[in-house]
Amino acid sequence: MEYTIFTEPQQGFTYDDQLVFARTAERVGFDAFFRSDHYMRMSAGDALPGPTDAWTTLAGLARETTSIRLGTLVSSATHRHPAVLAIQVAQVDAMSNGRVEFGLGTGWFEAEHRALGIPFPTKRFGPFEEQLEIVTGLWGTPIGETFSFAGEHYTLEDAPALPKPVQERMPVIIGGGGARRTPELAARYATEFNIGFRSEEGIAAAFDGVRAACERIGRDPSTMKLSVALPTYAGATTADLERRAANAGRALADVRGGVDIVGGADEIASKVERLRALGADRIHFQLMDLRDVEHVEFLGSVLPILPR
């Protein structure tokens, strides 16, 4: 089992906030630090300090951390041209000495696109699938050869297909609750399938769906890492839990007994054990308040009792 910290910096946090969080996660034993890829907050509140770019942030963290893995959960396929994205991710992988994980999704936050003038396609799976094919194709093209692609949404002609990632196989994360196309694309392109914000029954169904998709194309399902991302409110006391829920705009009564990870060490361990029984190989703990570094510290104190 692996454990990561997953953050939403667009809700009002600086690069320095993220740096402290990532360094703390590294120090207390987490396997990876992930961030979302958004340019606007998703709820009412102060817009300051403004957004930070996901891959610019990860480039900085690559030079200011030493061992923790770094990635997006997930980058939006609508935000960048795939050939540029392939260069960015490969460069950050080199800057981190091979610690990058690349999550990619269709993009969904339409208001963000309208505000910033980013085109928002009505049908997003087509561009998303082409991006997956282009990015992985550029990375997989042998050195000295070129990569060309002619699709409905993108065209590349004799691209040099450089630079290459440091890692021989860049981890690619695809997630979502779609019953057909998402599992199919994950089976073809992903090293990790992620399902987030679902009940345990929904998680089990999503895992079954991606295993079946792997089998349909002759891929061994055991080669797919399965992960869960869930909002997390952890603490030693009820007051800690109430404060952390409130800082995320929630009431403790609303998050207890739901799909989220809530409670002290024993409650967290029990939830993780149930997720592992469903097939999860990795848990992404989503923490909303990046100024609450003690939240990371507390979760780090729980890591020794969690299964590995």
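The values are calculated or read from the model by the stated rules, or taken from the named source; none is laboratory data. None of the values given here were measured: they were computed from a predicted structure. With ideal geometry, Cβ positions are generated from the backbone for all residues, glycine too; neighbour counts draw on all protein chains shown. Areas reflect the complete protein model, heavy atoms only, side chains present, ligands, DNA and RNA absent. Shrake-Rupley method; radii C 1.70, N 1.55, O 1.52, S 1.80 Å.
Please go through region 109-122 and pick out each residue that is in a loop (DSSP other than H, G, I, E, B) and either among the aliphatic types (A, V, I, L, M) or touching a residue at least 40 places away in the same chain (Cβ under 8 Å) (or both).
109, 118, 119, 120, 121
Given the conditions (1) touching a strand residue (DSSP E or B) at 6+ places or on another chain (Cβ under 9 Å); (2) outside any strand (DSSP E or B); (3) of a type outside the set (Ser, Thr, Tyr), which single one is not true for residue 230?
Against the list (1) touching a strand residue (DSSP E or B) at 6+ places or on another chain (Cβ under 9 Å); (2) outside any strand (DSSP E or B); (3) of a type outside the set (Ser, Thr, Tyr), residue 230 comes up short only on (2).
Go through region 89-107 residue by residue and tally those that are in a helix (DSSP H, G or I) and under 13 Å from the mean Cα position of the chain (by Cα). Outline the logic, then answer.
Residues of region 89-107 in a helix (DSSP H, G or I): 89-95.
Now restrict to residues that are under 13 Å from the mean Cα position of the chain (by Cα): none.
Within region 89-107, residues that are in a helix (DSSP H, G or I) and under 13 Å from the mean Cα position of the chain (by Cα) number 0.
From the list 13, 6, pick out the single residue that is farther than 30 Å from residue 308 by Cα, touching a Leu at 6+ places or on another chain (Cβ under 8 Å) and surrounded by 18 or more Cβ atoms within 10 Å (Cβ to Cβ).
The match here is 13.
What residue, of 269, 246, is surrounded by fewer than 19 Cβ atoms within 10 Å (Cβ to Cβ), more than 20 Å from residue 30 (Cβ to Cβ) and among the hydrophobic types (A, V, I, L, M, F, W, C)?
Details: 269 fails: more than 20 Å from residue 30 (Cβ to Cβ).
Selected residue: 246, the only one of 269, 246 that is surrounded by fewer than 19 Cβ atoms within 10 Å (Cβ to Cβ), more than 20 Å from residue 30 (Cβ to Cβ) and among the hydrophobic types (A, V, I, L, M, F, W, C).
So how many residues does region 293-308 have that are touching a Gly at 6+ places or on another chain (Cβ under 7 Å) and open to solvent by 20 Å² or more (accessible area, probe 1.4 Å)?
1
Of the residues 275, 290, only one is under 19 Å from the mean Cα position of the chain (by Cα), more than 23 Å from residue 26 (Cα to Cα), hydrophobic (A, V, I, L, M, F, W, C) and surrounded by 18 or more Cβ atoms within 10 Å (Cβ to Cβ); which?
275
For residues that are assigned to a loop (DSSP other than H, G, I, E, B) and open to solvent by 10 Å² or more (accessible area, probe 1.4 Å), scanning just region 74-88, find the one that is nearest to residue 128 (Cα to Cα). First the steps, then the outcome.
Looking only at region 74-88, we keep the residues that are assigned to a loop (DSSP other than H, G, I, E, B), and these are 74, 77-81.
Going one step further and asking which of them are open to solvent by 10 Å² or more (accessible area, probe 1.4 Å), we end up with 74, 78-81.
Numbers: 74: 12, 78: 8, 79: 11, 80: 11, 81: 11 Å.
Looking at residues that are assigned to a loop (DSSP other than H, G, I, E, B) and open to solvent by 10 Å² or more (accessible area, probe 1.4 Å), I get 78.
Mind checking which residues of region 249-266 are exposed (fewer than 14 other Cβ atoms within 10 Å of the Cβ) and either within 18 Å of residue 3 (Cβ to Cβ) or among the polar types (S, T, N, Q) (or both)?
266, the sole residue that qualifies.
Among the residues of region 58-69, write down those that are assigned to a helix (DSSP H, G or I) and either open to solvent by 10 Å² or more (accessible area, probe 1.4 Å) or more than 14 Å from residue 103 (Cβ to Cβ) (or both).
Those that are assigned to a helix (DSSP H, G or I) and either open to solvent by 10 Å² or more (accessible area, probe 1.4 Å) or more than 14 Å from residue 103 (Cβ to Cβ) (or both): 59, 60, 61, 62, 63, 64.
Can you tell me which residue in region 108-122 is most open to solvent (accessible area, probe 1.4 Å), limited to those that are more than 22 Å from the chain's Cα centre (by Cα) and among the hydrophobic types (A, V, I, L, M, F, W, C)?
Applying the filter and picking the extreme gives 116.
Within region 29-57, work out how many residues are assigned to a strand (DSSP E or B) and of a type in the set (Lys, Arg).
The total comes to 1.
Considering only region 123-221, give the strands (runs of 3 or more DSSP E) lying wholly within it that have at least 2 residues that are free of Cβ contacts under 8 Å to residues at least 40 places away in the same chain, open to solvent by 40 Å² or more (accessible area, probe 1.4 Å) and over 23 Å from residue 95 (Cβ atoms).
147-150, 155-159
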